[in-house]
Each structure stands twice: as structure tokens, then as C-alpha cells.
């Protein structure tokens, strides 16, 4: 029953979408400016997609196993929260969410203050995107397919996906990915009508920050999940799926900055337009990689090659037409093409180039194995060292430009104040670095450079804040940049100074390594709602600090799977991280994996600061000056 | 020969071109340094020159082949017709089970003996890495 309603609302949405495209085209060719109908149709499309989404949630909530998607991804014994979140944890459901966000952004955009012609051309382009994906959804991955006879029980959801953070991270990631669709459509409309100007940049900036902030939240949540759920002590594994979200983030961060430059200096419009197109295209590419099943990852659940091919074709068509419009309607800057090198604009441009370089590095690392496999049937994998070796040295240079960019002016260059700033910041940075390395008692050149330049950025931001007459001025930028400085600092310290202990241990036994003492106190059994659990209780001592950690192993019953639940004690200086493993060869011993991860908490804090900066920019309409 | 603006543009293009070339070179060098090739047990039996670098090997852990000798584990990785004995020092992940698929990283000693330094297991029990599935398929063909 629900399935029929769901299917109907999707088809109604598709028909309305057709009608909208037709009605707009008619308007367009008759050169009429009557957009009321398009406006209402646009809302109606959103309403019906929303209805379909709610019906799908409902099917999952009541465990309606006559629905194929529910049968394959749910189970009646699962907690309600995971039943509902399971609806977007699978391919079909996530595509409904994808389209819903496309439609919601389209509706929201109709409230923006953009001139009617430009606004409705944007909505027209957005609805073309909706058309492509609705067809894809209905014909290749319908979420309301029915199984007959109705099975009595579902197959269950992969237990490592049963986690609160993981359940909420896809919606954030999707709002980010798909949020860039409206900027993409707006950019195409702006290019087409030759209105890619200062006003365009101004009107686009809020939408860019919204999508960027959501994307950052999504990536952050995903990486926190990877940290405590996968049990390998890391927060970023250069997994292709993680890379698929990092690539649009790099593109959008470049876009965010170049758009500010376009707004302020009326230059680089073509670059900004190109980045707007690139950001959404890479978001789509990410979706394709994750959904096509060609990636070897927990996320890749689609195993139907048709789906991958269709999305690939859609990406090709969309990007082909986007680049065609871009080339035919290449935006021109009204300003003379003179550039002062020592200005904020050119520093932003330089860092834009770094972002694009990072993007290329990550893309090559992710796509090269896929191409090699497709063309020569050779399986390879690219090690994390590839990324670290290429990104770390350039990150250091980027930090320097990032520190000085905001301290420079847009139009004029004051040599004295630059030299003064360099000396001032370098001195303070050197002093703090020496103090830090005195405590670390560990030295390597790259670690030193990483620490030095991240502190350099942090100090530059602090100086910048004090130089403002009102502290709240440029607050969004300063908080995000401050967060970024802390992020790089923590990542460097974390990468170089993490410690690991891997040993078998018996109940009652104590293990000592350097300053750390691990005592295995006892082992308990317990019963969860849909799993059995063995919990180990450990007493950890580090110097004068003593605390308990209780990692466990869970055996999920549907589907049968064992997961290792980590136990983590976070402190300001570092995390103590413990996971256990059973091994039939160790008799009464249990294998433990213990990590000491310095400044782990600060990685999460700094990502929150970056996000917080984005939020400030969204809610306070003050611009960069 | 050229006007001033053309000269400037040429300068800019050549500088950008050189920088791009250097960066591409960087990427190329790092890529070739950090690539790990994947082999199936059948591939190993067929190749003439054994790879000296670190490689990945994927297959099924043969039933009743897992043994522990002092601190070393030893087991047989198979594609159901070609067997390779693997020795491993370290901790076995809980997802490492006899009769299920596994991907290991390490180096070959000879055609029948592999020294693993990592066992890659991030996935659930029913999941089979595509490389392993391919390797098994190749063998049945």
C-alpha cells in the first residue's frame, strides 16, 4: 500500500517536473516574464519528493518487508532510530534523499533576492538536474519495489553502520554535495545571461558557505566515526570514499575564496565560474564512485553496473554542457587586467592553486587504480604515504600565504607593514616553537616545519584579531583560519608522536611499556538488544593519571557479525585508545591494541571551529572587508 | 620581436608550464614509490620474475591450515587450486577466519612462501574484496 503511494508521488513529481521544464521553455521562447507557474510547480515537485521520502521513512519505521529496500536493509529487531536512519543507509533511499535536497534547494532559491530572469533560469537548470536523477531513481533504483510474497523478516543492516554518528553523517554530507548544485545552476544561469558579475558573487556567497559548512560537518562526523568504530586508531585512512568527499571540499574551499576575491576586486570571474562548475562535478563524481560499486569500501553497496554507467553518463552530459556554456559565454572582468602581486587577491589566487594541486593529487591517487584496473586489469592500491609525501610540504607553504593574505590589502601594497608583520610573527612563532620542541623532546625537519608554520598562521590570526577596531569584524574568517591552524598543528603532532602497543594479555596480568601501564582487571558478558557482548575492563596508568577503559566485542545476530567496540579516554593532551581482539590460539589471553594519540581532541575542536566560522558567516550578514 | 604584452604572456605561460611540469613529475615519482600491486595465488605461480617489492596477495584462507609456532602464525592462502604458505608475525584481526577471504600485504620469498606484515581486514564476514572475487573467477574460467 505504502509502496503504491510512494511510487505514485515519485511519478507525479516527475510529471510536474516535466511540466515545469516545458512551461519555462515556452515562456523563454515567447520572451515572456511570467514565472508564477514555474514557481508553484517548483514547490509542488519538492512537496511530492518530500512525500515519497516520508513514505519511505515510514516503510522503514514499521518494517514493511514487502518493500525490497526495507527487506534488504532492515530487521524488525533493530532499534527504531536505526530503522529510520537505515532508510538513507542504502542506495535507493540515499538517492531519494539526494533528489529531495536538490528540490529543497531549488525551492529555497526561489525566495532569494535574485532578479527574476536569472532566478528562474537557475531553477530551470536545477530542475533539469532533478529530472536526470528522478529518471535514474524510478527506472534503475526504485525504492518502492515490492517483493511477493512478503518475507517475514528482513536481512538486517551492516552492524558497523549501526552507530549514531554514522546514521546522521550522510544527510549532512548530502546537503553539502547537493547544496553545490544550486551554485552550479546559478553559475550556469549567470554565465548564460551574461550576468556573472560582482552582484552574482554577492548573491552566491551565502549559498556557497551553507553548502561548504554542511560538507565540512559531514566529513568531520564521518572521520570521528572512522576513529572510534573501525578500531585502527586513525581518523583518516585515504580510503577512496573519504577522498571522494575531500575532493569537492577542496574545490569548494577554493571557490569560497575566489568568490570573495571576485566580489571585492571584480576579477577572476572566469576562475570563480570554473570552480563553481568543478565543485558540483566533483560532488557528482564522488556520488558515482561511492554508488557504482567499483570501490572497495564499506560504503559501496550498489552492485549493479547499470547504475554506475547511468550516473557516469549523467556526469558526462552535465559537465559537457556546463563547460560548453562556460566557453561560449566566457565571463569578462570589467576591471583592467593588472595584478599587484603583494595583495590579498593574488595570495588567495596562489592558495587556490595549491587547493587545485591537492585536488589533483587526491584525484589521481583515487582514480589511477580504477583506470589501471579497467584498462589493464591490474589491481593496485596507492599507499597513504603517497598523499602524505605530496601534501605535507605544500601545506606548509600554503600556511604561510594563508597567514599573510588577510594582513595584506586588496588594492595597494605597503612594503613596510609586510616586513614588520613577517618579523613580528616569525619572532613569536620561533619562541613558541622552541618551547614546544623543548617539551616534545622529539625532532624531525618536517615535523618542525609543520609545527612552525601552523603556529605562524595561528599567531597571524591572533594579531589580525587585535588589529581590528571591532573584534567581531571578520570574525567568521578569523575563527575558521584559527581552527585550520590548530588542525594542521594537531595533525602533525598526532602523526609523528602517536604510540602503539599490541600484546596478548591474561586476566589479572599487568603490562608496562615506558610510562604506560595496562592492567587487565576482569571480563564480563552482557546482552544488548540485537547483540551479545564481551566487555574487558582494564586499568590504565600513565604517570600519575589512572583510569579505566572497557573495550568490548559485539556479536550481532542479524546479520551475524563480530565488531570491536573501542574504549577511549580523551584528555586535552591526548587520547588513550583501547580495542580488544579474540584469538583462538592465545588460550586464556586476549589481544589488545592500545594507542596513545596526542592532541586527538584538538583535531575535533579545530574542525568544530572551522564549522563555527562558517555558521557565523551564514547567520551574520557581514562581509569580508 | 614580440610586443611587450605578448612577451609578458609568454613569460607567464612558460613559468606556469614549468611549474605544472615539476608538479606532475612530483606526483609521478610519489605514485610509483607508493603503489602496491595485487596478485592472486594463480598470478604468482605463472609469473617468471618474482616481484621484489611489497605486494598484496588475496585469496581464501584454507580450512584447517592456520597454525601457531611460537610467535609466528602460518596459514595457506588459496584460490582453490593454487596454494601459497604465509607466515605472519603480529595480531590476527577478528575478521580473519579460516574459509573466508583475506587480503595480506608483504613480500614473496619464493613461489610458495610469503611473508606477510599486514593483514587487511576492514570488512564484514560475508564481504569479499572485489580483487579476491576476481582472482577466484579467473581461476574457474
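Candidates are the residues of segment A:546-581 that are farther than 19 Å from residue A:528 by Cβ and in a loop (DSSP other than H, G, I, E, B); the one that is farthest from the other protein chains (Cβ to nearest Cβ) is A:572. When the test is whether a residue is in contact with a helix residue (DSSP H, G or I) (Cβ under 9 Å, 6 or more places away or on another chain) and at pLDDT 90 or above, residue A:162 does not pass it. Filtering segment A:520-545 to residues that are within 29 Å of residue A:82 (Cα to Cα) and in a strand (DSSP E or B) leaves A:523, A:524, A:525, A:526, A:527, A:531, A:532, A:533, A:534, A:535, A:536, A:537. Comparison of A:434, A:511, A:462 shows that the only residue that is surrounded by 13 or more Cβ atoms within 10 Å (Cβ to Cβ) and free of Cβ contacts under 8 Å to residues at least 12 places away in the same chain is A:511. Looking across A:466, A:413, one residue alone is away from chain B (no Cβ under 14 Å), modelled with pLDDT under 90 and in a helix (DSSP H, G or I). It is A:466. Suppose the filter is surrounded by 14 or more Cβ atoms within 10 Å (Cβ to Cβ), out of contact with any helix residue (DSSP H, G or I) (no Cβ under 9 Å at 6 or more places or on another chain) and modelled with pLDDT under 85; does residue B:91 pass it? Spelling it out, residue B:91 is indeed surrounded by 14 or more Cβ atoms within 10 Å (Cβ to Cβ), out of contact with any helix residue (DSSP H, G or I) (no Cβ under 9 Å at 6 or more places or on another chain) and modelled with pLDDT under 85. Consider residue A:99 carefully, then state whether it is surrounded by fewer than 19 Cβ atoms within 10 Å (Cβ to Cβ) and under 20 Å from the mean Cα position of the chain (by Cα). So residue A:99 does not fit the description; no. Counting only residues that are within 14 Å of residue A:240 (Cα to Cα) and more than 8 Å from every other protein chain (Cβ to nearest Cβ), segment A:385-399 holds 1 of them. Only a single item in (1) surrounded by fewer than 20 Cβ atoms within 10 Å (Cβ to Cβ); (2) modelled with pLDDT under 85 is not met by residue A:74, and it is number (1).
Considering segment A:1-24, the residues that are in contact (Cβ under 8 Å) with a residue 60 or more places away in the chain and over 24 Å from residue A:59 (Cα atoms) include one that is nearest to the chain's Cα centre (by Cα), namely A:17.
The values are calculated or read from the model by the stated rules, or taken from the named source; none is laboratory data. Small disclaimer: the values here were computed from a predicted structure and weren't measured. Note that each Cβ is placed from the backbone with ideal geometry, even for glycine, and that neighbours are counted across all protein chains shown.
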